[in-house]
Amino acid sequence: MIDWAISFTYLVLSYASVFILVAIGFSIAFGSLRFVNLAHGALYLIGAYLGLFVAFEMEVGGIAEAWSPIGLGWGFAAALLLVPVALFAIGIVMERLIAKPMYDRSMLDQLLVTFGILIVVQELIAILFGRRGYTYDRPGWASGAISVSGVTSLNRWRVYVIVLTVLTLLLLYAFYKFTDIGLAVRAGTEDDEMVELLGIRVGRAFMLIFAIGAAYAGLGGILAGPIFTVNPEIGITEVLIPALLVVIVGGVGSITGTVVAGLLFGFVFVSVDALLTGTWARIGIFTLAVVVLTIKPTGLFGPEEITT
Amino acid sequence: MAGCAGDQEQPLGNYPIDGDTVGYGFNGPLSGILAADGEQQRDGFELAIDHLNNGGGLVDHIDDLSGDGVLDYEVEGYTGDTEGDENVATDTLERMIDRDEIMFFTGGISSSVEVASIPIAADNHVVHGAVFSHTGEITGTDCGPYTFRSAMSARTSAEALAEVLPELFGEDQEFFQIYLDYAYGQSNRDHMQALMEDEGWTQVGTSAIAYGETDHETQINDLASEEPDVLVFTSMGDAMASGLSQLADRGFEDLDVVVPLLSAFSMEPAGEAAEGVVGTANWHPSGGTDWSDDFTEAFEDEYGYTPGQAAMEVYDACLHYSAAVEENGSFHPEEVAETLETFEWEYAMGEMGYRECDHQATRPAYVVEGVDEETYEDTGIWLDLVEEIPGSETEYSCDEEPASNCEMPARED
Amino acid sequence: MSEESVTQVTDEKASIGLWERWDRIKTTERFPIVVAIGFVSLWSWFFARSPIISDVLRGYHSLATTILVWSIFAIGFNLLLHQTGYLSFGHAMFWGVGSYAAALLAIHVYGDPLLMLSVGTGVAVLLAAITGLIALRLHTVYFSIVTLAMAQILYYLSLSPLDGLTGGDDGLTGVPVEPLFFGVGNFYLQTPLPGVFHTLWQDYQYLLIAVVFVAVVAFVNRVRRSPYGLIFKAIRENERRAALVGVDVWRYKFAAYLMSGAITGLAGALLTIESQSSLLSSLYWLTSGEVVVMAILGGAGSVFGPVIGAGVFLYFDRVFDGIAWAPPLIGDITGPVGQYWLLILTALFTVVVAWSPQGIVGLLKQLAGTVRSKLEAATRDR
């Protein structure tokens, strides 16, 4: 009985942590900045690929095949540290060049432009490195199994991912609650003109929070990427669609909502899969989203109504 | 050869042929994740056209083929990139039939594309050389009057595996099946269950994963609770690769794994994780008849890399179609199709022959095994040959599934 | 006044009169319909058989018809987007459901083309009614995502649990399409038309698609010009304000959604007739994404924008992608130009959304406007 309980909890947390990890960066931008950033999938994608090239020397396809193998070969640990930092930098650039000019545009416009950017990035990566999948050749400490209670074996890396997801979430909460910048962002989301008038440089705060969101996307790429294969399409199929669902079901603007929705999705997915099949599990996820939004159109923890 | 002059002259499809050249079409994935195999297929196609027109390779060994075109026509090769998508594929195919007036087409990896091509071939009276695609339906429920599959069907592979697996892994083994949750995966699960249980193995459980899903955690969990000796994993491409890696991460790297059809687009992303995985392929360069080496040599000379089943299948298809045309004496599609229905040949892959009931070729299956990264870097091939199983042992009768599901339509005008 | 200057003045008046007349013609209700009729009449010939142009374009008849069918899909999608501002990311569900409904009718009952079109449209409307009740209560971005989710539910249902009905991954192929009018007159769709009509339109199938195309354009045009059109405009600009003024916003949104679903279902049924198959990919989110790009790239604000968008998109997807030419000097590195088709298309799309919301139509109008003012200036100073 204990065995089954551990198994089930592990499965739910495994799936949920991936859902949450890919959604957090998007939730931050959408929630704090009211900016629909579908290019979040591109950031995740870049994170996953960058991790490969920092950690290893890769034999690639596509245009870059001529210079194969490519990579720094600094090892997986180095990649884990460097990728979020790199994505943070990219996030800053992205915020200044793309997000800032679009803040005043309608959400629909933001959605479409960032969608276009996502596909452009996806295509660039596909043409440069080929459309085939790559796997992370993880070192011993990051792979293999751990046994729990002597009987069940769990995927060691996924356990790390669960733990790391919890840690990063706590960090995020702390940032919002206890730092000045976090406060500025929360206030700025309410009324950015007022905050500017009070002398607080909201623009700066927005840029920072966007970059943090990007760093999270990159972190997601290098944490979740190794569980699956890395190919150009994961930006949409594995990241964007689940992230969008989780964020809106959880309610825009609420990190708590994103987390709860992620757990809910994980629970539903694992349960339906156990009772029926994998396809029904997918149907279950989408149905859950539709059902929740029918009952509460702004999401579980969403505001009473949303203004564009 | 004079035959029924009246019938031969009836226009049908793109027959009779205008001018001195005859069109052969290649319709396969030259972009997208299947491109790894698709591009190799295209190379095999172009080599075949070259040899048919100018001699060389296996054309030199085949009596029926002159090496100077086919029936005094020069063969012109046309290519279409299906992108692995049925909508695109049917368009490119129709383009080749309309504008390029092809008499024959081959190529393709994706089974849904293959299935979508069957009615187009039938409606336009163009001979369709189905290669690679494994799914039973091509010579089962969806069988077509102009479609001939020279590659293994899922059943062919299963029969071969049933022969070899007890030798490789032992008698009385307990096996678990993880399979893709749609028709192909489901029918493969059924074949493997029936055939392995006949060999004395016991199936201890099955678990289905959604098509397109890469997270196998729940399926592995199901497997873990049953503790099998062998896993039969009906999957492909990136899903297969992630599944194997996730298996290793749950401590199952020593589990014996069987994947029914192994090819480049599945092996590439899998890397190390695919070492030791057993499956089947349509051909392997170190096996086959004496002619295998001639083909490999000609291919390596032209393209600088070692060919695999993808190139071989397409090359073979072009050649045996041409030989059937020569035997018939004209390109008339209905007559050529009739000739093909009882056609037998033995080029590089072994003894092969079609049958009337479902147009499935009875043919050898090559049981192969994934190699480790070092060996791959040396040889450039992902697979090692374990054993060749001849057609006599892989065939299944017209009364058994999937053949029994085939109600072969008549060739209409 | 001298004789010369008199003639000058009268000439000026005449040329101004010409432009004015053109402007007036353009804004009549009939104009788009006439343009539509002219377009479909010449389209297949122009794209697939015209002496030099079709060779340069590398067009072929079945792509010409595919473009027409997708154009109808895009017009249907755009009806919702343009009239209400709601962007559906799940319109593939109407397209796919219309397609499957028509196919199943033909396979299990009887494949009369007009019946297939009616059934496809009808089932799509039903689906629209059900999904609209849920989705239209949501904020725009939520709406987009929920429609995506709904379409995915249908996709996965068709892939596996319902695959006995839908053919699963392989879809339904070899759909038996019967002659028009239940066989009266033997109008098999594939029968070639006589003489010059064959050169222009090939077969009755093309005529059928052309007639549907013109009918859809006429319908959408009517909606835009009607009092409904004005109300939709009000809703699009500010839903809350429109509600405050007393407009039953819900009713209009719902009506637009149903009409959009109906036209899309009609297009799906037409697809089944044209390709004699119903494929799983018709329900996939990628398809929804493609029609979004088509409509917006072409120009969401106009009736013909989506048509242009569909043409451009499909041209890139089916023809451009096959171009093996590589640019000189760097060709070894870049590889064939064809592989950049989606990159180029999406880059264009992104640029359009960011800077030219009127799409290609907007750009063309601007161009036309510049050319015309230059012409006007030239004729004025003589």
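The values are calculated or read from the model by the stated rules, or taken from the named source; none is laboratory data. The structure displayed is predicted, hence computed values, not measured ones. Using ideal geometry, Cβ is built from the backbone for each residue, glycine included, and neighbour counts are taken over all protein chains shown.
Within the range C:169-197, restricting attention to residues that are away from chain B (no Cβ under 14 Å) and in a helix (DSSP H, G or I), the residue that is surrounded by the most Cβ atoms within 10 Å (Cβ to Cβ) is C:Leu180.
A quick yes/no check of all residues on (1) part of a helix (DSSP H, G or I); (2) in contact with a His (Cβ under 9 Å, 6 or more places away or on another chain); (3) without any contact (Cβ under 8 Å) to a residue 60 or more places away in the chain:
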{"site": "C:Arg240", "(1), (2), (3)": "yes, no, yes"}
{"site": "C:Ala243", "(1), (2), (3)": "yes, no, yes"}
{"site": "C:Gly246", "(1), (2), (3)": "no, no, yes"}
{"site": "C:Trp250", "(1), (2), (3)": "yes, no, no"}
{"site": "C:Lys253", "(1), (2), (3)": "yes, no, no"}
{"site": "C:Ile263", "(1), (2), (3)": "yes, no, no"}
{"site": "C:Thr272", "(1), (2), (3)": "yes, no, no"}
{"site": "C:Ser282", "(1), (2), (3)": "yes, no, no"}
{"site": "C:Thr287", "(1), (2), (3)": "yes, yes, no"}
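Among strands (runs of 3 or more DSSP E) entirely within the range B:33-142, having at least 1 residues that are within 14 Å of chain C (Cβ to nearest Cβ) and in contact with a Pro (Cβ under 8 Å, 6 or more places away or on another chain) singles out B:74-81.
Taking the criterion of being in contact with a strand residue (DSSP E or B) (Cβ under 9 Å, 6 or more places away or on another chain) and among the acidic types (Asp, Glu), the only residue of the range C:177-217 that qualifies is C:Asp203.
Of the residues C:Ala326, C:Ala377, which single one is within 14 Å of another protein chain (Cβ to nearest Cβ) and either in a loop (DSSP other than H, G, I, E, B) or farther than 23 Å from B:Glu39 by Cα (or both)? Outline the logic, then answer.
On the way: C:Ala377 fails: within 14 Å of another protein chain (Cβ to nearest Cβ).
The unique qualifying residue is C:Ala326.
Residue count for the range B:93-119, restricted to those that are of a type in the set (D, E, K, R) and surrounded by 24 or more Cβ atoms within 10 Å (Cβ to Cβ): 2.
Report yes if C:Ser302 is at pLDDT below 90, surrounded by 19 or more Cβ atoms within 10 Å (Cβ to Cβ), touching a Ser or Thr at 6+ places or on another chain (Cβ under 6 Å) and small (Gly, Ala, Ser), otherwise no. Give the steps one after another, and end with the answer.
Working: at pLDDT below 90: yes; surrounded by 19 or more Cβ atoms within 10 Å (Cβ to Cβ): yes; touching a Ser or Thr at 6+ places or on another chain (Cβ under 6 Å): no; small (Gly, Ala, Ser): yes.
No.
Checking each residue in the range B:196-226 for being farther than 22 Å from B:Ala36 by Cβ, out of contact with any Leu (no Cβ under 7 Å at 6 or more places or on another chain), among the charged types (D, E, K, R) and in contact (Cβ under 8 Å) with a residue 12 or more places away in the chain picks out B:Asp198, B:Glu199, B:Asp215, B:Asp222, B:Glu226. Within the range C:338-361, the set of residues being crowded, with 19+ Cβ neighbours inside 10 Å and either more than 14 Å from chain A (Cβ to nearest Cβ) or not in a helix (DSSP H, G or I) (or both) comprises C:Ile360, C:Val361.
Of all residues in the range B:216-234, which are at the interface with chain A (Cβ under 7 Å from one of its Cβ atoms) and touching a helix residue (DSSP H, G or I) at 6+ places or on another chain (Cβ under 7 Å)? Spell out the reasoning first.
Narrowing the range B:216-234 to residues at the interface with chain A (Cβ under 7 Å from one of its Cβ atoms): B:217-218, B:221, B:224.
Matches in the range B:216-234: B:Glu217, B:Thr218, B:Asn221.
Just one of (1) more than 10 Å from chain B (Cβ to nearest Cβ); (2) hydrophobic (A, V, I, L, M, F, W, C); (3) over 11 Å from the mean Cα position of the chain (by Cα) fails for C:Val307. It is (3).
The residues on offer are C:Leu297, C:Leu244, C:Leu230, and the sole one that is within 23 Å of C:Gly359 (Cβ to Cβ), surrounded by fewer than 24 Cβ atoms within 10 Å (Cβ to Cβ) and hydrophobic (A, V, I, L, M, F, W, C) is C:Leu230. Return the only residue of A:Phe30, A:Phe56 being within 19 Å of the chain's Cα centre (by Cα), buried (at least 20 other Cβ atoms within 10 Å of the Cβ), among the aromatic types (Phe, Trp, Tyr) and at negative phi. That would be A:Phe30, the only listed residue that is within 19 Å of the chain's Cα centre (by Cα), buried (at least 20 other Cβ atoms within 10 Å of the Cβ), among the aromatic types (Phe, Trp, Tyr) and at negative phi.
Please work out if A:Tyr160 is within 14 Å of another protein chain (Cβ to nearest Cβ), in a loop (DSSP other than H, G, I, E, B) and under 18 Å from B:Glu217 (Cβ atoms).
Numbers: within 14 Å of another protein chain (Cβ to nearest Cβ): yes; in a loop (DSSP other than H, G, I, E, B): no; under 18 Å from B:Glu217 (Cβ atoms): yes.
So A:Tyr160 does not fit the description; no.
How about the range B:176-195: which of its residues are of a type in the set (A, V, I, L, M, F, W, C) and without any contact (Cβ under 8 Å) to a residue 60 or more places away in the chain? Within the range B:176-195, B:Phe176, B:Leu180, B:Ala183, B:Ala194, B:Leu195 qualify.
The sole residue among C:Ser278, C:Ser302 that is polar (S, T, N, Q) and touching a Leu at 6+ places or on another chain (Cβ under 7 Å) is C:Ser278.
With respect to the conditions (1) touching a His at 6+ places or on another chain (Cβ under 7 Å); (2) in a helix (DSSP H, G or I), B:Trp345 lacks only one, and its number is (2). Scoring B:Phe265 on the criteria (1) of a type outside the set (A, V, I, L, M); (2) surrounded by fewer than 21 Cβ atoms within 10 Å (Cβ to Cβ); (3) out of contact with any strand residue (DSSP E or B) (no Cβ under 9 Å at 6 or more places or on another chain) leaves a single failure, condition (2).
Number of residues in the range A:121-157 that are within 9 Å of chain C (Cβ to nearest Cβ) and touching a residue at least 24 places away in the same chain (Cβ under 8 Å): the value is 4. Being in a helix (DSSP H, G or I) and modelled with pLDDT of 85 or more holds for only one residue in A:Ala215, A:Ala184, and it is A:Ala215.
Taken together, the criteria exclude A:Thr308 from residues that are within 14 Å of chain B (Cβ to nearest Cβ) and at pLDDT below 90. I need the full set of residues from the range A:125-149 which are of a type in the set (A, V, I, L, M, F, W, C) and either crowded, with 18+ Cβ neighbours inside 10 Å or part of a loop (DSSP other than H, G, I, E, B) (or both), in order please. A:Ile125, A:Ala126, A:Ile127, A:Phe129, A:Ala145 - these are the residues of the range A:125-149 that are of a type in the set (A, V, I, L, M, F, W, C) and either crowded, with 18+ Cβ neighbours inside 10 Å or part of a loop (DSSP other than H, G, I, E, B) (or both).
Return a yes/no flag: does the range A:90-112 have any residue that is of a type in the set (Lys, Arg) and either free of Cβ contacts under 8 Å to residues at least 24 places away in the same chain or within 10 Å of chain C (Cβ to nearest Cβ) (or both). Write out each step before concluding.
Taking the range A:90-112 first, the residues of a type in the set (Lys, Arg) are A:96, A:100, A:105.
Next cut, either free of Cβ contacts under 8 Å to residues at least 24 places away in the same chain or within 10 Å of chain C (Cβ to nearest Cβ) (or both) only: A:105.
Yes: one or more hits.
Would a scan of the range C:159-168 turn up a residue that is of a type outside the set (Gly, Ala, Ser), facing another protein chain (nearest Cβ under 7 Å) and free of Cβ contacts under 8 Å to residues at least 12 places away in the same chain? Checked the range C:159-168: at least one residue is of a type outside the set (Gly, Ala, Ser), facing another protein chain (nearest Cβ under 7 Å) and free of Cβ contacts under 8 Å to residues at least 12 places away in the same chain.
Is it true that some residue in the range B:250-258 is buried (at least 22 other Cβ atoms within 10 Å of the Cβ) and at pLDDT 90 or above? Looking through the range B:250-258, at least one residue is buried (at least 22 other Cβ atoms within 10 Å of the Cβ) and at pLDDT 90 or above.
Evaluated against (1) over 25 Å from A:Ile283 (Cβ atoms); (2) in contact with a helix residue (DSSP H, G or I) (Cβ under 8 Å, 6 or more places away or on another chain); (3) away from chain B (no Cβ under 14 Å), C:Ser144 falls short on exactly one condition, (1). Number of residues in the range A:54-99 that are within 15 Å of A:Arg132 (Cβ to Cβ), part of a helix (DSSP H, G or I) and among the hydrophobic types (A, V, I, L, M, F, W, C): the value is 2.
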